[in-house]
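A quick write-up on the structure given underneath.
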Amino acid sequence: MWLNTEEIKETIEMIQEQRLDIRTITMGISLRDCIDPDGDKLAKNIYRKIADSAGKLVDVAGALQKKYGIPIVNKRVSVSPIAAIAESSDLDDYVPIAKVLDQAAHDINVDFIGGFTALVQKGMTPGDTKLIDSIPRAISETERLCSSVNVASSKAGINMDAVLKMAEVVKETAERTAKQDGIGCAKLVVFANIPEDNPFMAGAYHGFGEPDKVINVGISGPGVVRATLEKYLNIDLLRVAELIKQTAFKITRMGELIGRESAAMLGVKPGVVDLSLAPTPTPGDSVAQIIEAMGIERCGAPGTTAALALLNDAVKKGGAMATSSTGGLSGAFIPVSEDLGMVEAVEASSLTIEKLEAMTAVCSVGLDMVVIPGDTPTETIAGIIADQMAIAVVNRKAAGVRLIPAPGKKEGDKAVFGDLLGFGPVMPVNRFSCANFVRRGGRIPAPLTSLNN
Amino acid sequence: MKGKAIVTVLGKDRVGIVAGVSRVLAENNVNIEDINQTIMQEFFTMMMLITVDEDIISIASLQEKLNALAEELGLKITVQHEDIFRYMHRI
């Protein structure tokens, strides 16, 4: 046989025991050709474009899952930023567009649709303002819609007016979905340096530099990396990095295979493979447990940031060799509620928001799925977002913040979201105020490193 | 259109595993190109490289037929297109 039996066994073990899967196939669809001054026509055009483009997405994913015997967990759609697409229409708010996106997602049976998005790192147009004002209603009155707002970039700096505005939007979205512990905030992300080709929610949108339609694939596999490391307890860190690289290569190849083939079957361009380690609430499928497998007693203990830096870098090095086109966020994800190891680390008082913030400096995301007390002041939320934006802007990396101020919950309580979103303990927040800082408004200018032309 | 796939059979050893799997394959015009089989502590492991004529049967339908056999014999049988292994282990 051209393959040896050990290799075949390894692949099967990865899929059946270590939960290797394709986390998402996301079709990016440009809505630029849907623009119309008449809001009703605009909505109709959008529905038609999505239904025509991605109508077969779920069937194709199902067929590939059977052919290769690898689960394809999520099927998603991302669209052009609605703030721009709806701007020249006669609509006063964009909730009707949110609803038509949700309806289209429902009818083609995809899990989520992203792109209820505005890019406001330097300032807002009237369309951006309308979109941002529409977010709390748009999210709370739909099921599958995801929203993202980019408020900072390494080139533009941090739009602090937008940061404060988004803190208000986060609070209101939590309150409108209070019955489910503020779940609406799980579908809303505040970004710095937002990627145009990210297949992962809630931050997926279809950028203006992208083709008309494209297939982007997000892979997974923290369980595979953890299982590999647990076999080698006494090797030095250079070899740990080497092992992670090899494993990341193998995982990413699956994304490359499925990405190429699904794009061909759908007749669209293959986009990027996002080589991210995305955890789920399933036991073992955890990034925190990879860190612990390296020798950290509990995620959050001293050494955690170093271990995560090693992991994140090795994933990229291994993954970059495995695909001709990397993109999206590409790195290790550290969402608290979606990762059982992170949840346990918080419950054991090992992991705090401040430590998570440090960790975001060396991985591909920001403070993600972090539940905070429902009575956290808006200005404090703005301060937490601003800190995260500063780390991303200075380090020239992407970062998304998903904070959930769970209404009525306080430190020690638990917010429960279910499914892939998991549950999260309410984390304590520093009680001193930053109101006088964030209320100044204006913009924090881009760092000197932005002057690189 | 012909495609190559790998069949893996795992489970407790018993009489008739190879015969049973081969019968299902033959009935569906599937050719066996290579077989590798071992038994370790009564644990049966078999891997087959097969050629499937997808105009006659798809990998998905073949998997369904083998699922019925797997249930009957108390085994785990999977059929996967060979590319998943090729992509993962070969550059």
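The values are calculated or read from the model by the stated rules, or taken from the named source; none is laboratory data. Nothing here was measured: the structure is a model prediction, and the numbers come from that model. Using ideal geometry, Cβ is built from the backbone for each residue, glycine included, and neighbour counts are taken over all protein chains shown. The accessibility values were calculated without ligands, DNA or RNA, using every heavy atom of the protein model including side chains. Shrake-Rupley method; radii C 1.70, N 1.55, O 1.52, S 1.80 Å.
Observations
- Global size of segment B:2-89: 12.5, 40 Å for Rg and Dmax (C-alpha atoms, Rg to one decimal, Dmax whole).
- Using the Cβ-Cβ distance between A:ILE235 and A:SER88 with R0 set to 60 Å, the FRET efficiency works out to roughly 0.50.
- With the alpha-carbon atoms of the protein assembly as shown aligned to their principal axes, the span from lowest to highest coordinate is 78, 57, 50 Å, starting with the largest.
- All other residues whose Cβ lies under 11 angstrom from that of A:PRO373 are scored, Lys and Arg at +1 and Asp and Glu at -1, for a net of 0.
- Panel note: the C-alpha atoms of segment A:27-192, placed on their principal axes, show extents of 50, 37, 36 Å (largest first).
- Unit Cα scatterers, Debye sum, segment A:388-429: log10 I(q)/I(0) for q = 0.17, 0.30, 0.33 Å⁻¹: -0.62, -0.99, -1.11
- Percent accessible area from carbon and sulfur atoms, the protein assembly as shown, protein chains only, probe 1.4 Å: 50
- For segment A:135-152, the residues whose amide N sits under 15 Å from a probe point set 7 Å from the Cα of A:HIS106 along the beta carbon direction are A:138-146.
- Segment A:329-440: translational diffusion in µm²/s, Stokes-Einstein, Kirkwood Rh over Cα pairs, 10 °C, 1.306 mPa s: 111
- Computed [θ] at 222 nm, deg cm²/dmol, chain A (DSSP H ≥ 4; -39,500 (n - 2.57); rounded to nearest 500): -13500 deg cm²/dmol
- Positive end of the dipole of the protein assembly as shown (Cβ unit charges, origin at the Cα centre): among A:ILE35, B:LEU49, B:ILE35, the Cα lying farthest that way belongs to A:ILE35.
- 5 Å-binned pair-distance histogram of segment A:263-317 (Cα, whole percent): 4, 18, 20, 18, 13, 8, 7, 6, 5, 1
- Ratio Rg/Rh, restricted to segment A:123-207 and using Cα atoms, in which Rh is the Kirkwood radius: 0.96
- Leading residue at positive end of dipole, segment A:89-153 (Cβ point charges), from A:ILE108, A:THR142, A:SER153: A:SER153
- Judged by the mean number of other Cβ atoms found within 10 Å, the most tightly packed of the peptides A:229-239, A:179-189 leads the ranking A:179-189, A:229-239.
- The stretch between A:LYS155 and A:ASP59, if pulled fully straight at 0.36 nm per residue, gains 30.5 nm over its current Cα-Cα span.
- Kirkwood-based Rg to Rh ratio, segment A:26-74, C-alpha trace: 1.18
- For a label point 7 Å along the Cα-to-beta-carbon line of B:ALA68, residues of segment A:42-71 with backbone N under 15 Å: none
- Ordering of A:24-35, A:143-154, B:15-26, A:55-66 by packing is A:143-154, A:24-35, A:55-66, B:15-26, highest average first (other Cβ atoms within 10 Å, averaged per residue).
- For the chain pair B and A, the interface hides roughly 2600 square angstrom of accessible area in total, found with a 1.4 Å probe.
- Under a model in which nothing but the beta-carbon of Lys, Arg (+1) and Asp, Glu (-1) is charged, segment A:27-192 shows a dipole of about 720 debye around its Cα centre.
- The trypsin sites (Lys or Arg not before Pro) of segment A:367-453 meeting both criteria, a DSSP state outside H, G, I, E and B (loop) and at most 13 other C-beta atoms within 10 angstrom of the site's C-beta, are A:LYS410, A:ARG431, A:ARG439, A:ARG440.
- Toward the positive end of the charge dipole of segment A:294-359, with +1 on the Cβ of Lys and Arg and -1 on the Cβ of Asp and Glu, the farthest Cα among A:GLY303, A:PRO335, A:SER324 is that of A:SER324.
- Amide H within-cut-off set for A:ALA406, under 5 Å, with H built and near neighbours excluded: A:ILE372, A:GLY374
- FRET efficiency for A:GLU168 and A:SER324, using Cβ-Cβ distance with R0 set to 56 Å, rounded to 0.05: 0.85
- Size of electric dipole in chain A: Cβ of Lys, Arg +1 and of Asp, Glu -1, about Cα centre, debye, nearest 20: 600
- Built amide H within the under 5 Å cut-off of A:LYS269, gap 5+: A:LYS213, A:ILE215
- Distance in nm between pseudo-label sites at A:ASN452 and A:GLU6 (7 Å out along the Cβ direction from Cα): 4.2
- Average other protein chain Cβ within 10 Å of Cβ, residues A:6-14: 5
- Rounded D (µm²/s) - segment A:198-339, Kirkwood Rh over Cα pairs, Stokes-Einstein at 37 °C, 0.692 mPa s: 211
- Rounded to the nearest 5, the antiparallel percentage of DSSP beta bridges internal to the protein assembly as shown is 60%.
- Taking a span of 30 Å or more along the helix axis (Cα atoms) and a mean Kyte-Doolittle hydropathy of at least 0.0 as the rule, the DSSP H helices of chain A that qualify are A:237-266.
- Over chain A, Cα pairs under 8 Å with separation of 6+ residues give a relative contact order of 17 percent.
- Alpha-carbon centroid distance for the pair segment A:141-168 / segment A:376-447, whole angstrom: 12
- Nearest-0.05 FRET efficiency for A:SER349 and A:ARG396, computed from C-beta distance (R0 45 Å): 0.85
- Kirkwood hydrodynamic radius (C-alpha pairs) into Stokes-Einstein, segment A:180-224, 4 °C and 1.567 mPa s, D in µm²/s: 102
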